[in-house]
Every structure is written in C-alpha cells, then in structure tokens.
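Here the structure comes first, spelled out in structure tokens, and everything after it is commentary.
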Amino acid sequence: MSADTRVRPALKLSGVTKSFGPIEVLKHLDLEIASGERHAVIGPNGAGKSTLFNLISGIFAPSSGEISLNGRSIGGMAPEQINRAGLARSFQITNIFHRLSVFENLRIGVLARFGVRYGLFRPISGMRRINEETEKVLAQVGLESRGHDLAGDLTYSEQRALEIGMTLTTGADVILLDEPTAGMSREETAEAVELIRAVTVGKTLLMVEHDMSVVFSLCDRVSVLVYGSILATDTPQGVSANHAVQEAYLGQEAA
Amino acid sequence: MMSFRSVLLLATLLALLLAVPPLLDLAWQNALVNVLIASLFALAFNLLVGQAGLLSFGHAAYFGVGAFAALHLMIAIEDGLAFPTPLVPLAGAVVGLVVGLVAGFFATKRSGVYFALVTLAIAELIHALAPRLEGLFGGESGIGSMRMPFAGIVFGSTIEVYYLTLGWVLFCGLGLYLYTLTPFGRLTLALRDNEQRVRFLGYDAHSSKVIVFAISGMVSGVAGSLLAISNETANYSLFATDVSAQVVLQTFVGGSTVFFGPVIGAAIFALFSFLVSDLTRSWVFYQGLIFVLVMLYAPTGIGGAIQHHIRHRRQLDWPALAAPYAAMLFGGLLVAAGIVFATEMVAVMFGEDYARTREAAGGALIPFELFGATWSPTGPSTYLIPLVLLGAGIAILVKVRRRIDAVWAARGEQGSKTQTLATTGGIQ
Ligand SMILES: Nc1ncnc2c1ncn2[C@@H]1O[C@H](COP(=O)(O)OP(=O)(O)OP(=O)(O)O)[C@@H](O)[C@H]1O
Ligand SMILES: [Mg+2]
C-alpha cells in the first residue's frame, strides 16, 4: 500500500456516533480506508464492530457524523442505495436464501450487477452472460459441485463461503466482511483467507476479524475498537506492539 | 425445462378440457367454469403466498373489483360501445392491477401478521363501503348486464362461456408459469426467503413486493371478470371474508409450494361444492375439516405430497407401498364415513325442523330420518355406528402409517426435505 494511491479514501467516517436510547455504542469515530486497502477492525465482544458495519451498510442511520463512500455521502441512505453506490457486505450470522439453490443465491446478485434487477419479460435461462458470470463466482468460492443444492443444505463453512460469494456478486468495489472465519477450523480458516485474498484483489476490504493470524496475513492496517472508540489504527505489527492495545484488548485475549 | 412426460400430461389435460365439456350437461359445464375460475384465482393468490411469502387474507377485494369492472364494461357494450366481448376481462385486469398497486403499496410496508391484517382490513373496508356506493356496486342488489355477441359468437350458451373462460385461464396460467422463469420471478422467491439480504444486493424490496402484489391483484381481477361474465351479475357479497378465506383454503389444501398445487385445491373444492352442497348444509364444516387435516398431516398440501412421491419415485419400493396405501385409503374412507354420519346426525338433531317436530310431539326424543333409514336418538346403534367407523378407521390409519414410514425410511436417505418452487424451475 503506497501512500500516493490514497487520493480519495474509498470509505471515510468523520465524527460518527450511534446511540441506542441512552447508550452510546459508537463514540465519535474517525476512520479513513484508502482505495485498495485491506483493513481489519478488531475489538472485544460488544465493542460495536457489527454496529459500525450496520451504519456503513445502511441498516441504521448514524446519530451524528458523516459517512462517505468514494467521496459520496451515504450516511442514512437505504441498504439498496448504498449497495448500488458500490458497497457490499456479508453478515456475521449467515444470511442467505435458504430455500433457493446455491446457484440461485449467487445469481440474484449477478442480476443486480448487470442491471436486470426487475426483468419480467425474458426467461432467466437465456441470459448467457449472467449465468456464466454466476458460474464464475460459484467456482471462485469453491462451490461448483453444490450449485444445484439448496443453500440451506450446505455445511456451515460452505454457507460461509456462499455468504462471501453473494457479497461479491453485485460487483461492489468496497467489501465489508463481518467475521468471515468465525466458527471455522484451522484448515477452513486458511482456505477462507486464500479465498478472501483472491476475491478482493483490486477492491477495498474492511473486515471484522478476531483471529490475529488472519489479520496479519491479510490486512494492511488494523483499527482497534474498544467500547465504541477507536483506540489505535496502525499496521498489524504496529498494533500488536502498542501498549494501550495490549492492555485493553490483546492482553485480555491472551489471559 | 419441462420433462417430456409433463408435457405429455399437460397436453392430455388440455385435450380433455377442450373435448369433454360439450358432451356434458349444463350443470356440469357451469361447474367446470367455476373450477377454472377458482383455479386461476388460486394461482394468482399463490403468486403472493407461495412465491413471495406474503399471506393475504383479503384477496376477495381484487377478485371483486375485477368482477365489477367487467360488468361496467359489459353495460357500456350493451349501450353501444364497440368493444369485443371476449376481451372484457381486460377491464378486470386493469382495475385489479391498479387497486392492487394502491393496496399493495400500503400492505407490503409490513410483513407477516401485520401484512395479513392490513390486507384483511382493506377487503373489509371495501366490503363495508360497497353497498353504499350505488353507482359503482349497485347497492345491496348489485349490478347486472348481458353478454353481447361479438364476431358472430353469441355468448348465449354455457359452452361458449366455458371456452372463453378456458382461453383466459390458460393464457393467464401460462403467464404466471413463465413469470417464475424470469429474473423477477426468482427475485420473488428470494424476497420470500430473506427480504433483508435482497436489499443488500441492491434491490428495492418494497417496490418489488408492490409489483408482485399488483400482478397478483391483476390476475385475481381477471378471475373475477370471468365470474362476472359467466353470471352476468355481481353484488357486494363478492368482497366478503368467506371469498378471501376460500382461496386461502384451496391454495393450502392444494399445496402452495408447488406451482400447480392451488389448481388441485381449487378444483377439488369447487367440484365438491357442486356435488355436495345440495346434499348437506354442513359443507363449510367439511371444508374446514379437510383444511385442518391436510395442514396437520400433509402440510405441503396435496400437490406437495404428489411432488414428494414423484421426486422419490425411483427410490421407493412401490409394490411394498401398494397394500399399505390401499389400506390407508380404506381407513380414510371409514373415518370419513364416521365423521359424515356424526356430523349429519348432529345437524339433524340440533336442527330447526327436528326441534319443531319434537315440540309437536310434546318434547319427546322421537326417531328421525337420515340416509334413508330411521334412527332413534336414544338407541345405541345411532352412536355406535359412527364411533365404530371412526375407531376402526383410526386404528387402521395408525397401524398402516408405521408400515408406510418403514417403507419410506428404507429408501436409503432418511427424512424428506420439502423442496419448493425454487428448485422446480431448474437451473440452466
Ligand atoms: N439494535 C440494537 N439496539 C440496541 N442495542 C444494540 C443494537 N445493536 C447492538 N446493540 C448493542 O451495541 C453494542 C455493540 O454491539 P455489536 O454487535 O456492534 O458488537 P460487536 O463488536 O460486533 O460484538 P461481537 O464481537 O460480539 O460481534 C452491544 O452492547 C449491543 O448490545
Ligand atoms: Mg459483531
């Protein structure tokens, strides 16, 4: 990541605050993610990581502050508008179409990318480019042999791969992944890391991750979120050498 | 793609629908018209419930406005408007679409129970308003009009109405089937499964649901027009709750997870009501009972059960199933006989006529007539017969069910995943 490509940040948060009733879950966050950067958010349970993702992706509007995507303000926009502006996300809890085939799960997003969102007058089977593209994503996430199966019948780690695949389909260039490797075995995690590395080439990645080895092997920079505030933003090496971070978070984890 | 076998099946069905009705008497032709209309209405309704996962309790509204729209157009034709009579259902389509758009805009802002309640409220609203809007709905008595001839076709006979109805039902049914093969059809299924995720893939979920709702309203409107054309009259009772309830029952009994399932339910209910409603006043009760039993023991409906068997036809040991299935049928008939006996007996004993004859006899529990025999309200056989029928039937069913389960379990894979429309369209 060289500094000169950071002409305009892909994602920029300034003074973002989110309260649920009296509780301030995120407190005046400032964060800039450069275009093409792979950025991790780490932090203890309940720190507000998923809430941060929910604000950026449009589930909630920020209570105050600005969020911009590629220079365009998106704070408070609806999820579908933010997606069309070029941002896609995955979910910490698998969020797929359980009763559709794996192929269909992916094709829904591919249709959106090719702008055939509401096509009513042509059969889907004849849309060659869309079906080929869907096959491509299916292969990318290693689910070629499962295309015809119902998504609800996949194993947990296959569903996680599908979750990532669906996030890719809409062609967004900013990708948010919420704990993509949670609950995976060591080998599955290694595979998932390679998958994420491969599919995010040329894209901007923001991911929540608990596993520091994943963060080290994948990410350019890390932000540490503790009790709704960013304690530090640095390279993985820098963060793990940071005393405040060690006390607040990494120390806990080691204990 | 459809398999050769299903194409053959559909072609046979079509040939029968075309060739048989002229050989039938008027009552049967009329009954078939009603079957066709109920089928189309149920298909339109199922677009919403089966595919989009939105359970409407007020679909009478769109069926009803379609009927009135058709009648108003027919009145205009009578008054000299040059409009081809066979295209009258277009009026129902347009009005169903518009009313569906408006109602759908509000109803689909909510989901689940709240969606159902909003649709119910909208239908009730129209039902309450209609008798007061003389000009539109003709007050309590409704409006009527004659079918005008077009291009040498007089539309005077029932068989002409039948073919007109058949044409429209096939056209709209085919349209609804093709719908499932389009991108929007797939989006509809995705909305049913997980509306939130659809939004994160860049789709406006609310607008999409409004469109699905409006299309369902449009086809329901066509079905309503066909009824209006057939009856040449309609009144506000078309908006009543039982019209909305009927289509729910038919769709679920037929099977909402299978495209053609609702047609099965609609055909069964429409035919049964034609055959049975003269014989018994308890028909509505039997309908409800059938619904409850299907929901309890075959939640995917008749269509779902058939599809399940077709899907596993190669793994199943059919010869081993034949005897238990025959026994199940027998047990089911015994139970049905027991229930019908008990129901009709209760209907007589607690009915007005019997109360009056008892009064005349000074309050004595006098014998009554049922099924061509005389029964005493105090005699043991009056109660023993239904009890024995029920008991024997249930015993057979319980016993046979275990054998059937065993055969199914032996097919290699245990459990039976209910597949849905999602996979019936196939993947290219
Ligand atoms: N919709 C909501 N309403 C009220 N409180 C909420 C809501 N969503 C999250 N919170 C609260 O905000 C805090 C942060 O939650 P969040 O899910 O963002 O944490 P997280 O960092 O993702 O945790 P984890 O590592 O467990 O996923 C928690 O205390 C949670 O209870
Ligand atoms: Mg979280």
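The values are calculated or read from the model by the stated rules, or taken from the named source; none is laboratory data. On a predicted model such as this, the values are computed, not experimentally measured, just so you know. Positions of Cβ are generated from backbone atoms using ideal geometry, with glycine treated the same way; all protein chains shown enter the neighbour counts. Heavy atoms of the whole protein, side chains included, go into the accessibility calculation; ligands, DNA and RNA do not. Shrake-Rupley method; radii C 1.70, N 1.55, O 1.52, S 1.80 Å.
A few notes on this one:
- Shielding by partners, peptide A:220-233 (average Cβ within 10 angstrom, other chains): 0
- The alpha carbons of segment B:308-427 occupy a box of 72, 30, 21 Å along the principal axes, longest dimension given first.
- What you get for segment B:16-278, charging only the Cβ of Lys and Arg (+1) and of Asp and Glu (-1), is a dipole of about 960 debye around the Cα centre.
- Accessible area per residue in Å² at 1.4 Å probe, computed on chain A: 42
- Ordered from highest to lowest accessible area with the whole protein assembly present and a 1.4 Å probe, A:LEU168, B:LEU120 read as B:LEU120, A:LEU168.
- Residues of type lysines that A:LYS49 reaches as a straight line, Cα spacing below 25 Å, ignoring anything fewer than 8 places off in the same chain: A:LYS12, A:LYS18, A:LYS27, A:LYS203
- Of A:THR51, A:HIS210, A:SER240, farthest towards positive along the dipole that unit charges on Lys, Arg, Asp, Glu beta carbons give chain A: A:THR51
- Each of B:GLY53, B:GLY152, B:PHE213 was scored by the projection of its Cα onto the charge dipole of segment B:16-278, and the greatest displacement toward the positive side belongs to B:GLY53; charges sit on the C-beta of Lys, Arg, Asp and Glu.
- Taking the C-alpha atoms of chain B, convex hull volume expressed per residue in Å³: 189
- Diffusion coefficient, µm² s⁻¹, Stokes-Einstein with Kirkwood Rh over alpha-carbon pairs of segment A:155-255 at 37 °C and 0.692 mPa s: 226
- Look at the stretch A:110-117: the mean tally of other chain Cβ atoms within 10 Å of its residues' Cβ atoms is 4.
- Here the protein assembly as shown is assigned +1 on the Cβ of each Lys and Arg and -1 on the Cβ of each Asp and Glu. Its dipole about the Cα centre then comes out at about 680 debye.
- Rg/Rh (Cα only; Kirkwood hydrodynamic radius) as it applies to segment B:96-194: 1.09
- Inter-part distance where segment A:67-88 and segment B:267-331 are each reduced to a Cα centre, Å: 52
- For chain A: Kirkwood Rh in Å [reciprocal of mean 1/r, alpha carbons]: 18.9
- Across peptide B:175-186, the average count of Cβ atoms from other chains found within 10 Å of a residue's Cβ is 5.
- Candidate residues A:LYS49, A:LYS136: accessible-area rank, largest first, probe 1.4 Å: A:LYS136, A:LYS49
- Based on DSSP H segments of at least four residues, each scored -39500 (n - 2.57), chain B has a per-residue ellipticity at 222 nm of -23000 deg cm²/dmol.
- When all protein chains stay in place and ligands, DNA and RNA are ignored, the 1.4 Å accessible-area order of B:TYR114, B:TYR203, largest first, is B:TYR114, B:TYR203.
- With DNA, RNA and ligands ignored, accessible area of B:MET218 (1.4 Å probe; Å², nearest 10): 60
- Stretch gain in nm, segment B:ALA240-B:LEU271, where the contour uses 0.36 nm per residue and the Cα spacing is subtracted: 9.1 nm
- Equivalent ellipsoid dimensions for the protein assembly as shown as semi-axes, Å, which come from the Cα gyration tensor, largest first: 57, 31, 25
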